[in-house]
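To start, the structure under review is shown below, and the notes come after it.
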């Protein structure tokens with residue numbers, strides 16, 4: 001008994017048979033060749049086989065000419081179905097992708113990925129445009145838009161994971177959009193993690209990413225979720241003996257993590273604590289070249305950072321500082337205008353080193 005035929009994309013008048021994941025597809029190679037230079041070249045290559053035609057333009061002895069001699073593709077079945085859908089989608093189906101209630105985001109991501117693989121430029125650009133359009137409608141153009149109940153139903157953790165993984169595939173998604181995806185994924189995966197099992201799942205996913213910067217941000221997000229670095233004192237025992245004993249109790253949110261993940265978080269905590277201590281001791285002042293009053297500028301700069309001395313999380317300090325620098329000019333001079341870009345650079349340097357803090361080197 002041969003392989004089963006796909007119910008939707010095995011056309012009796014098709015002209016090329018593909019075997020994908022144990023399923024047969026019979027589609028029109030002229031349509032594929034028109035959309036994809038990859039398939040156009042493949043179909044133009046001379047092949048040995050019978051000259052007897054199968055009635056649809058392919059010799060029965062050629063690859064793709066019969067069920068017994070299909071073109072074998074190593075793609076995922078769902079991905080290949082997404083490609084077929086992109087080729088054969090009717091106008092009503094295409095219009096439906098603009099409707100938030102009808103769009104199939106998972107299929108659009110699969111289409112973008114496989115379209116890139118087979119050089120289907122129009123399909124790739126269209127699928128990414130659909131994703132960007134719905135993203136802008138849900139979160140706006142800001143890097144960290146507010147997650148509404150409606151958008152949280154649409155952009156689930158699974159969808160965000162798939163989109164983040166897609167963003168790491170070549171240049172399918174531009175860096176600015178990739179950063180927005182990363183911010184929303186970090187928020188959904190770690191800020192909303194309910195227990196250690198949730199934390200473990202998100203770190204397992206992060207460990208499989210091929211982007212070390214994103215891995216570092218993920219472990220930092222997990223560490224923040226444990227609230228080890230928070231400054232809340234409500235849960236700290238007042239009795240010294242109880243205080244000492246409580247610090248020896250394992251953190252509940254780390255109970256399901258594997259040894260390597262715990263080790264990375266421990267190392268990261270040590271590095272971040274050291275960084276915060278150095279920031280307090282040495283300050284983060286940098287001379288402002290061209291400032292008419294360097295001494296005055298230094299005093300203002302140091303006073304600016306002193307407001308955050310009670311915060312133990314260096315990343316949180318930078319977040320607060322950036323938000324403040326984005327507001328009105330507190331200094332009343334041009335030096336304030338230098339503050340925001342300096343903090344942006346500091347944040348970039350900080351995030352770029354997170355992977356080292358958490359011992360991530362691959």
Item to check | Among 97-108, 154-165, the order from most to least packed when residues are scored by Cβ within 10 Å on average | outcome: 154-165, 97-108
Next on the checklist: With 10 angstrom as the radius, rank 317, 130, 183, 72 by how many other C-beta atoms surround their C-beta, starting from the fewest.
Outcome noted: 72, 183, 130, 317
Checklist entry - Remind me, relative contact order of the range 90-187 in percent, using alpha carbon pairs under 8 angstrom and six or more residues apart? => result 26
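FYI, it's all coordinate maths here, none of it is from the lab. This is a predicted model, so every value here is computed, not measured. Note that each Cβ is placed from the backbone with ideal geometry, even for glycine, and that neighbours are counted across all protein chains shown.
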